[in-house]
Amino acid sequence: MFRLDEDFAPFYALIENDAALSWAAKGAGRLLAAPTVFEDVVKTICTTNCAWSGTVRMVSALVNDLGAGAFPEPKTMAAAPVRFYRDAARAGYRGAYLKALARDVASGALDLELLRPECGLLDAEVEERLLALPGVGPYACAHIMMLIGRYHRLVFDSWTRPAYLRVSGRRRASDRAIERSFRPYGPFAGLAFWLMLTRGWVPAEG
DNA sequence: CGTCCAGGTCTAC
DNA sequence: GGTAGACCTGGACGC
């Protein structure tokens, strides 16, 4: 779940002399992902257009009511009635997205695990496939790709935008402008962006 | 009680 | 390709 098999040396080499990111070269950058891409996609859809309390409510219902304490299998989510998504998870319009996604994964029509970097697909192709999923837009796509170890895209949402203004000291900054400023980080642009925003989460060295 | 919006996305121009 | 409106839900906020 921390992708410990992944070699971060290329990223650390890129930032070792970077004024804003060299601190991270001592071992930062691993994101906690779910065991399956399916789970990451479901959870990410549950973060869209709602407060964090809503995300907790939806995912808790999936785990407690359908998975008996663990994240449910696609076939279990597919078999859950519409009223579960409406009345228990209170997922609103996301309910139909989640049930259809689970159905397609359970049937084998959709293989999300194939999107992992070790399976060889190009970032652009993975991005295209993720954006094709109902409920997955630019934010969710970038977020899911980060979690599976594809760090090119920057995650823009109502938390990262103001967080960037605070860190950068700018008054305004369009998404395009921010993307441009992170272009030097190439395939690690999204990870560099995330680390700059979350630097305060890492305890300062004594 | 009505409005706004939170770790957005989809559709229709 | 860029942008209003609608969309489930519920907590915060103003009145």
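The values are calculated or read from the model by the stated rules, or taken from the named source; none is laboratory data. None of the values given here were measured: they were computed from a predicted structure. Quick reminder, even Gly has a Cβ in these numbers, built from the backbone with ideal geometry, and neighbours come from all protein chains shown. Areas reflect the complete protein model, heavy atoms only, side chains present, ligands, DNA and RNA absent. Shrake-Rupley method; radii C 1.70, N 1.55, O 1.52, S 1.80 Å.
General observations
- For chain A, the longest site-free run once trypsin sites (Lys or Arg not before Pro) in DSSP loop states with at most 11 other Cβ atoms within 10 Å are removed: A:1-170
- Positive end of the dipole of region A:37-147 (Cβ unit charges, origin at the Cα centre): among A:ALA89, A:LEU112, A:ILE45, the Cα lying farthest that way belongs to A:ALA89.
- Modelled label reach - A:THR76, point 7 Å along Cα→Cβ, region A:33-61 residues with backbone N closer than 19 Å: A:34-46, A:56-61
- Simple point charges give the picture: +1 on the Cβ of Lys and Arg, -1 on the Cβ of Asp and Glu, and for region A:37-147 a dipole about the Cα centre of about 660 debye.
- Stretching the chain fully between A:LEU131 and A:MET1 yields a gain of 44.5 nm (0.36 nm per residue, less the alpha carbon separation).
- Annotation: extensible slack from A:LEU165 through A:ALA204 equals 11.9 nm (criterion: 0.36 nm per residue apart, minus Cα-Cα distance).
- Shown for chain A: the carbon plus sulfur share of the solvent-accessible area, taken with all protein chains present and a 1.4 angstrom probe, equals 55%.
- Treating r as the C-beta distance of A:ALA68 and A:LEU114 and R0 as 30 Å, the FRET efficiency rounds to 0.60.
- Gain on full stretching of the segment that runs from A:ARG83 to A:ARG172 - 0.36 nm per residue minus C-alpha separation: 27.7 nm
- Rounded Å value of the spacing that divides the Cα centres of region A:110-175 and region A:23-84: 17
- Relative frequency of Cα-Cα separations exceeding 27 Å in chain A, percent: 35
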